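All remarks here apply to the structure that follows.
Values quoted throughout were computed directly from the atomic coordinates according to the rules given, and no laboratory measurement underlies them. Here the structure is a predicted model, which is why all the values come from computation and not from measurement. Don't worry about glycine lacking a Cβ; one is built from the backbone with ideal geometry, like all the others, and counts go over all protein chains shown.
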Amino acid sequence: MIRLENVSKRYHMGDVTVVALEDVSLEVDRGEFVVVLGPSGSGKTTLLNLIGALDAPTEGRVFVDGKSLSGTRQSRRFQFRRETVSFIFQTFNLFPSLTAYENVQFVVDMGNKPNSNGTAAAVLRDVGLNERANHFPHELSGGEQQRVAIARALATGNPVLLADEPTGELDFATGIQILELLKAQAEKGKIVIVVTHNREISRIADRVIELSSGRIVSDGPPRDGTAAIADLQW
Ligand SMILES: Nc1ncnc2c1ncn2[C@@H]1O[C@H](COP(=O)(O)OP(=O)(O)OP(=O)(O)O)[C@@H](O)[C@H]1O
Ligand SMILES: [Mg+2]
């Protein structure tokens, strides 16, 4: 469903060219739970941004559902972002003046899908935040804000979930709860791509893509086989 063909992304900063991704090709099918692993600066967020049409490659092409995202009209890219991908950003990006509930309801309203009554309350319950639903982001801890961001992504019902360090701000127990939620989404047939530099998390993936200096250095099942979430430790 997602295909990248020889994708490179370079940023020009005055005289300096930063290579964020170099000649990346990959395909991801529905139902796959993929972990993208790599050190800081290796291109993980850049890769998610290209898959989610938040950014365009310098070279190469990105296809989603057989359609090229390159060269498409702005309105089509907007529609794609609204209907196909949901981001869980590294920095949450919650609306500061909306409560947790309103942050989630906002995307439900934007999606304008039938039978969406109750969705916001249900996903907030799923991430364990029903009692904090009426709090504003500044009244929530980092981990709670992260869970609102995750609830917001789940509320769209979109088939591709892109999560950038979704457990970065969370204590171990909450992190495990979030990983279970994300994994269950893949089991329901969604594509779930989780970016992390925590190698332990990659043990529960169907597939681990490792980046180093913008290149894919390995792509396959976890080295020692897929582990159960209950076996993780960090
Ligand atoms: N908008 C930008 N302008 C210039 N350089 C950028 C931009 N975005 C990213 N880069 C550079 O591209 C490289 C890859 O960045 P990216 O954010 O994808 O890394 P990352 O693997 O997500 O790192 P982290 O784990 O720290 O989040 C880095 O060297 C970064 O400085
Ligand atoms: Mg990043």
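Round to the nearest 0.05 the FRET efficiency obtained for Y11 and D224 when R0 = 35 Å and r is the Cβ-Cβ distance.
On the way: r = 36 Å, r/R0 = 1.03.
E between Y11 and D224, to the nearest 0.05, is 0.45.
Just want to confirm a number: the relative contact order over the chain, from Cα pairs under 8 angstrom separated by 6+ residues, in percent.
Across the chain, relative contact order equals 28 percent.
Semi-axes of the chain's equivalent ellipsoid from the Cα gyration tensor, sqrt of 5 times each eigenvalue, largest first, rounded to whole Å?
27, 22, 17
Treat every Asp and Glu Cβ in region 1-160 as -1 and every Lys and Arg Cβ as +1, leave all other atoms uncharged, and give the resulting dipole magnitude about the Cα centre to the nearest 20 debye.
380
Round to a whole angstrom and tell me the spacing of the C-alpha centers of region 181-225 and region 104-156.
If you average the Cα positions of each part, the centres end up 25 Å apart.
Please list, or write none, the lysines whose alpha carbon is within less than 24 Å of the alpha carbon of K188, excluding same-chain residues fewer than 8 places away.
Straight-line reach from K188, under 24 Å: K67, K113.
Antiparallel DSSP bridges in region 2-231: what percent, to the nearest 5?
55
Rounded to the nearest 20 debye, what is the charge dipole size of region 154-199 about its Cα centre when +1 sits on each Lys and Arg Cβ and -1 on each Asp and Glu Cβ?
It comes to approximately 240 debye.
Would you mind working out the magnitude of the charge dipole of region 132-234 relative to its Cα centre, with +1 at each Lys and Arg C-beta and -1 at each Asp and Glu C-beta, to the nearest 20 Debye?
The dipole magnitude comes to about 280 debye.
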